[in-house]
1. Put +1 on the Cβ of each Lys and Arg and -1 on the Cβ of each Asp and Glu in the chain; which of Thr421, Tyr537, Ala914 then has its Cα farthest toward the positive end of the dipole?
2. Here is the link list: Lys936/Lys1160; Lys738/Lys884; Lys936/Lys1140; Lys342/Lys1077; Lys268/Lys936. Which ones come out longer than 31 Å on Cα distance?
3. By how many degrees, 0 to 90 and rounded to 10, does the Cα axis of helix 101-113 deviate from the longest principal axis of the chain?
4. Count the net charge of all other residues whose Cβ sits under 11 Å from the Cβ of Leu387, scoring Lys and Arg as +1 and Asp and Glu as -1.
5. Taking the Cα centre of the chain as origin and charging only Cβ (+1 Lys, Arg; -1 Asp, Glu), how large is the dipole, in debye to the nearest 20?
6. Kindly express, to the nearest 10 degrees and within the range 0 to 90, the angle between helix 202-217's C-alpha long axis and the longest C-alpha principal axis of the chain.
7. Between Tyr687 and Lys1137, what is the label-to-label distance in nm when each label sits 7 Å out along the Cα-to-Cβ direction?
8. Which of the aspartates and glutamates could a cross-linker span from Lys1048 if the Cα-Cα distance has to be under 16 Å and same-chain partners fewer than 8 positions apart are dropped?
Amino acid sequence: MRAVLFLPLFLVLCSGNVVRHEENELDWWETTIFYQIYPRSFLDSDGDGIGDLNGITSKLEYIKSLGVGAIWMSPMFQSPMYDFGYDIADFYAIHDEYGTMEDFDALMAKANELDIKVVLDLVPNHTSNESVWFEEALNGNEKYYNYFVWEDGVIDEDGNRHPPNNWLSHFRGSAWEYREEVGQYYLHQFAVGQPDLNYRNPEVVEEMKNIIRFWLGKGVAGFRVDAVNCLYEADKELFGGKYPDEPLSGNINADPESHDYLSHIYTKDREETYYMVYEWRDVFDEFKEKDGLTRVMMTEVYATIQNVVRYFGEGDKEGAQMPFNFDLITDVDASSSAADIKYTIDKFLTYKPVDKGANWVVGNHDNSRMATRYGPPLVDGINMIVLLLPGVGVTYMGEELGLVDGYVSWEDTVDPSGCNTNDPINYVSSSRDPERTPFQWNADKNAGFSTADRTWLPVADGYETLNVEAQEAAERSHLKVYQALADLRQEKVFRYGRYDSLAMNHDVFVFRRWYHGENYLVVVNMRDTEHVINLTYFENVAGDVSVVLRSIDSPKNEGDVYDASSLPVVGFEGLICLTIKADAGKFLYLVVILLGGKMRSLLLLPVLFALAFSHSHDKKLDWWETTIFYQIYPRSFKDSDGDGIGDLNGITSSLEYLKELGVGATWLSPIFKSPMYDFGYDIADFYAIQEEYGTMEDFENLMAKAKELDIKIVLDFVPNHTSNESVWFEEALRGHEKYYDYFIWEDGVVDENGVMHPPNNWVSVFRKSAWEYREEVGKYYFHQFVIGQPDLNYRNPAVVEEMKNIIRFWLDKGVAGFRVDAIAHLFEVDKADFGGKFPDEPLSGRTDDPDSYDYLSHIYTTDLDETLDMVYQWREVFDEYKEKDGLTRVMMTEAYSSPQMTMRYFGDGERKGAQMPFNFVLISDVNGDSSAAEIKYALDKFLTFKPINEHANWVAGNHDNNRVASRFSPEMVDGLNMIVMLMPGIAVTYMGEEIGMVDGYVSWEDTVDPSGCNTDDPINYWMASRDPERTPFQWNADKNAGFSTADKTWLPVAAGYENLNVEVQRASENTHLNVYKFLADLRTDKVFRYGRYESVAFNEGVFAFRRWYQGKAYIVVVNFRNESYTIDLTYFEGVNKSVKVVLSSIQSPKSAKDVLSANKVEIVGNESLVLKV
């Protein structure tokens, strides 16, 4: 169905700009391909088995033939080669094995002749322990002593000397090495032979700048800067003159010698490092000022995306043009889904500054080759991604051929990462030698790399057929596809064009580039599967497409024509397609790549340029697809009888208020009979109403009133467990076999002292053991939540049928569906698969508190496949009712799981599941400290991973999490409501969000939530308690905020209710309540029902998104920072001169109907706007 498509389309600006005029000239580095050469392995010119500079020079024509415009060479400086050039003894000299300075000059001259730029590898963090600097330091030369980081050792009580602290090397073991000559330890974050330089010494800073100047003076076009985030360590003077220990990482797979054993908070990503990079950029720009040629800086940093993009620069300080983007190395591989690929690509595009360019790196000398990580069939597809995405393409030598990792035996291993494992069996997982094996030129001896009898590393097997010469001679080859892609990326559409993307299904990823009527799309299938895909999901794509270029194993031929709405794609196929606009002869290009399968195909598909959503208004949306769901926590909404507890009659009396809000459905937290240990989530009778809340007659009155107002009622279904006061459990304790089998029982474990212990280490969500012993049965029962909530046994068909009958009972009562609680916990592993005993769960490494739920990884008690099957079975029950009366019964599932798992609740193939697997990203992923990019990336997550024909939903708060106004700020209430209400999909509001209610203070004495009580901590209980977000609803300024006439309410009313309540906000014009009601009305506009979507993080604070449909467009702007910005909304396509204010947040100085210049919109702190284009 393409009538209603809520597509996550991302604004991506070539070089950070929406280029509307092709006259905007791009700099040389913005359009080129950078080709990494590992000199030791490229070509040996003198027969010693080691690649060298003359070898590189002799092959520059080959590099030119690839369409490459720049090479960057791994270190070629004088070195003892402990780390193969990354341990530099002399930064001003060429390593003897590689040649001479004259050889380097000859290489530069040849490159200049061919218009190939040369970039070198700068290794500023450390030098070699064989350098003159270090040797002089050992000889007592004070100048050079201060070039390094020295520290006294620690003497224990027995007089033994130990390293200064616990810091660890990247290559295992202590990062400190003792030298007798000095009587101190020196720091080496890498190999022992790589002593760290001391950047707190101004002489070191100036020395490194002079090194940069030396090589720039030799004509190099820039540097790739190695390991730059290790440059600075903490200033020990801030820690009493001693370097502090680093904390444990909690990584349970890391041994105490491993670098991953610690969190490197004192040795990586220090603030000073960024400013050193900015100083280096100033040096680079000295040379540009002289001759106009930009010298480019690339930074190598394996860090969080937030830290990586800081290397671009800050404020008026410029940094690296290319902080390397390693996401296609670190985040995804052959096992990744199309959504994984898309979300990974979108990460860098989201976080980079809007005026900077992206770059794409899929391999290098430190990671397994692309063809090994993704599989040889995907070589062409991955190269299409790297070369056709917006930004700079970076290729590691051999990726154009599909070279794979070579086998290197333990005896032949030379990489210190492998050697330092001292493990002849498992060294392979650490060694970087396999990706460094010699380049494969032909089928001759040593693949044409060298005439030596022995090369420094062995040549990979299979080189006889996998080499340059063979691919140059073949009719189809990866090499020829690569060359075609290099040519294609010079087209204006790839230089200036916009970008959007989709995960069409689990396997097929597609991205589109378009500019001035030309469109390309890239489609990637990650599996060995066949699909028929509908490219008309993309805007302006219709009609037929014709193949222009294809991957080497594609069954298609150039010129083949296909219907864009039903393009067949085989496994691993890559395509570039052309669309012919019949009425104007215009062309639309698509690149289609399929991830997975046996094909390496690449096809260029032709796609017609047509109006987007030309028939989208024809599709009538179902009631749940357009409504707002309003969550009511009954105990806190409205008390009708003065007992201090909300009830059903209170809800019934307030339904007109929901109607006033524009709400079409409400879901009620549990109203069933319960002892209230967990306030309704411990159900004693699923067929009865809790007495405190009313009677079945009261419920029926509520249903009747809701029907009169056309408000649907959705109930909270709690299927995982019941109450230990239920008849079922009580009968089980009495020995009733039927009900005994309703629960999960297990024998305890008796230790050598005769003491009984729980069956295994499983922990409750509410802390401590998930097992409770009952004398009546002589066994433990399982409870994933509180002791009073025994888990039900879904491996018992009687339980399954009982739950279906409960669903039918309430659907017969007229409810419109259920929100299904804690669904991820429904099944545990079948103990029969583990020798008849439930297995222990592994440690998570997230906490050292064994009573905490976070202490374990819950691989045996959550997210099991059987749970999904049960959800699908329930959906069948729901649909029984729809078949009778045509009304859809909606299912919402609550699961705090990975996006991959969450999406499985939608269904599987022909089997349908929940219409609304709840999307908690606005709760779990972001808060008031989050940047605009973090907000965008969180919102994109659900849009990326959801099936293409399903709807998103937006949940910003609920009864289990701090309120929106408390997690973000009261000033952000309107902005968050704009996001929830106007994003594509379904809006869910927790009661009080419409007026900006905040968490209430609940003392230890008044705390009733078991999450808080079970901490046994009168000081810090509030961090676990959910009571603050459950305080009574604030209706007016009367006693108890109009919630109840009781002298004491079940929870205290939040302070400040006198001014923060419905009545006050109804009486004023500029209030959160009125903003909310306006949004509820606005979301009925077709733009928000049917329209497309794109978004951008303009800067640290401002997130904006555009919705558009049939020539009408809105832009929502939300500033998450308390500072002002000026933003240019013409970054969005179709936005030119002005925009008009439709709605503003209550603190905004702007008013409705104000007209603003689109290219210069002033946004004050925490301001939010809805603008009409």
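1. Most positive-ward Cα: Tyr537.
2. Working: Lys936/Lys1160 22 Å; Lys738/Lys884 33 Å; Lys936/Lys1140 23 Å; Lys342/Lys1077 35 Å; Lys268/Lys936 27 Å.
Going by Cα-Cα distance, Lys738/Lys884; Lys342/Lys1077 fall outside the 31 Å limit.
3. Tilt relative to the chain: about 70 degrees.
4. On the way: positive: Arg489; negative: Asp380, Glu399, Glu400, Asp487.
Local net charge: -3.
5. With only Lys, Arg, Asp and Glu charged at Cβ, the dipole is about 5280 debye.
6. 60 degrees
7. That separation, rounded to one decimal, is 7.0 nm.
8. Counting by Cα, and skipping residues close in sequence, Lys1048 has these aspartates and glutamates nearby: Asp639, Asp641, Asp643, Asp647, Glu692, Glu1005, Asp1006, Asp1027, Asp1038.
Computed from the coordinates by the stated procedures, all read-outs in this text should not be read as laboratory data. Just so it is clear, the model here is predicted, and its values are computed rather than measured. Because the Cβ atoms are built from the backbone with ideal geometry, glycine has one as well, and the counts that use them run over all protein chains shown.
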